[in-house]
Structure formats: C-alpha cells, structure tokens
1. If each residue of separation counts as 0.36 nm, what is the full-extension length gain between S57 and E307 once their alpha-carbon separation is subtracted?
2. Calculate, in nm to one decimal, what R300 and D177 gain on full extension: separation in residues at 0.36 nm each, minus their alpha carbon distance.
3. Simple spin-label model, 7 Å along Cα-to-Cβ: K270 to T32 in nm?
4. Using the number of other C-beta atoms within 10 angstrom as an exposure proxy, rank W110, W248 with the fewest first.
5. Can you tally the net charge around L37? Count Lys and Arg as +1, Asp and Glu as -1, for every other residue whose Cβ sits under 12 Å from the Cβ of L37.
6. So the label point goes 7 Å from the Cα of A170 along Cα→C-beta, right? Which residues of segment 89-122 then have their backbone N under 20 Å from it?
7. Summing -39500 (n - 2.57) over the DSSP H runs of n ≥ 4 in the chain and dividing by its residue number, what mean residue ellipticity at 222 nm do you reach, to the nearest 500 deg cm²/dmol?
8. Between segment 147-173 and segment 48-79, how many Å separate their Cα centres?
Amino acid sequence: MQRRTFVKSAVGASLYAGSSLLGFAGSPEKATPYPPLKPMAIGLLIKPSEGPEEKISQVSKLGLDNCFLSLDDYIGKFTPQLAQELRGLLDKYKVVPTTAEVVGPGPLKWNFQEGPSTIGVVPQATRAARIDALRQVSDFAKLLGIRQIQTHCGFIPENPREPLYEEAVAAIRQVADHCAGNDQHFLMETGQETPITMLRALRDVNRPNLGVGLDTANLILYGKASPVEAAEILGKHVRSIHAKDGKWPTNPDELGEEVRIGEGIVDFAKVFTLLKQVGYTGAVTIEREISGAQQIEDVRKEKVYLENVLAKISA
C-alpha cells in the first residue's frame, strides 16, 4: 500500500521475453469470469506480496467483495503457479479483483524534484523497463481474469510539441495495444498531470481501450486540480476510482499530505455524483497509504464514510 516509498532499482533487468511472456508458448488462457459487482461497490487496494492469504482474507473480513491488486513486488516473477495461487485465494474468500497495477521497476521518487525524471513512461531511462513490466502484468492479469491494467504514466508534458510528449504518447499507445490483445483496458492514473493534459493524451493516443484511473487525492497532492474538476473533464473516460483524501502541498519540493477519508478536502459526494451522471458503474477502491493496525482501523472508518456518501447520492 505504501507505493510512495517504493524505490527498488531493477532497471537493467530484462523483463520481457518477446511475444511469449511467463514462459508460455502463445497467448495466456482465458480465465473463468468473476461474478458481477454492484455499481460503485467499495473495495480495497492490496499488495498480495506482503502475504497473499492475509491480504485477500482481510478484504473479506472488512466486509468488502472486491480489491485492486498492486503487483510491483512480483515484476519479473509472474508465473502460472502464482496466478493459480492468487486465483484460488480470491475464489476462496469470494473477492473479485477489478484492476492490476505496476508502477515500477524503480527508481521511483514521489516528489516534485526527482519525480519528473523517475515516474512513469515519460522518463527515457526507465521507459523500456516500465513498458516491459506492464506487458508482463497484462499477461499475468489475463490468467486471473482481470480486464483492467493501471499505472502512473508520469509527468506528461503540458506542451504537446515537446519531444517527451510525443514519446510518452507512443509509449502509452504501445502498452494500450498490448492490453487490447488481452481484451483489457489500460488506465492512466491521475496525479502528475493536469486533467486537460491527460485528456489531450487520451485523444492523441487514440485507442478505444485507453481510460482513466481517477485517484481522488493524487490530483490534490500534486497540486494539479481538484477531483471535482477532473471528474468534469475526464468523467466519461474514468474506469476505476482510488478513494483517497488529501491536502494541498505547501512545500514546493514535497507532495501534499495524504490523510484519512473525511479529513482532507475531497468532495466525494460531488465526484461520485458527476461520475454517476456519465454512467460510471465500476468499483470505488479505498487506498490508505499507511501500514499496520492503524491502516485497518482507518479503512473501517473510511468504508462507513463512503457508504454514507453513496447512500445519499443514490437516495
């Protein structure tokens, strides 16, 4: 869950073995579909590498029926056996995985000084390794029956004439095409770019399976926009939500503060109302970027908070 602290460095590794990922001869098999979720079902972002059964069972213990999988620790280690293990646990605890994400390999620095040169597919030095990792997770997710892949694409330049903008568009298109081959959507997570810059990238990549993962706090933490504004601009493209709260940055070198839902400035009622108006029916995934017992306690309270908000906008 603490993706901001992920700084592993494995850029030099070769992570993609051409057209046959994970040692398969041909395309991964199609997994058995999961039962459908209710619109805006509340779920939880988990990191199964920290203990697959513990993390998946915790989702069920919290009274949730879906999860978002953060899989960075498995980069270079995706196997059919791992897929079988995770699918067995997901079925055992009746938890539906909605989306799979990787943001590495590192280095990744979640700040304003080093972030632009280390996050996403914009930086040239790590671009090839990130594309390879996304291809890996796409093929692995197909084994699990997951039809959405998400990542931070990085500080996409606001100037569309910058060479890095054109390179980022080409990289995003490359990943989107790979995901399309696995019958998946590829989602750009909000945060490092303004909503209008992301909208421009959506248009210029020009792929029907490209969408948006709306992180309600990241837009604030990076000082880019309010999530209400993002929902107005990007609403029809949103296919996943990270429910998270935060405060504007006050230090020009550091991101704003992520806080428990209800203690920040996100207007969840307005965000959810806008998305409901454009037909959003996906999950609402809680992401609390702390660890330990306090994280679980906060998630319990956030679940109740979000349930109350969703009940009001549905009344």
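1. Extending this stretch completely gives an extra 87.9 nm.
2. Values: separation 123, 0.36 × 123 = 44.28 nm, distance 3.80 nm.
The R300-D177 span can extend by a further 40.5 nm.
3. The answer from the label model is 4.6 nm.
4. Numbers: W110 24, W248 14.
In increasing order of surrounding Cβ atoms, one gets W248, W110.
5. In short, +1.
6. 117-122
7. Only helices count here, giving -12000 deg cm²/dmol.
8. Measuring centre to centre over Cα atoms gives 28 Å.
No value in this document is a laboratory result; all are computed from the given coordinates. Just so it is clear, the model here is predicted, and its values are computed rather than measured. So basically every Cβ, Gly included, is an ideal-geometry build from the backbone, and we count neighbours across all protein chains shown.
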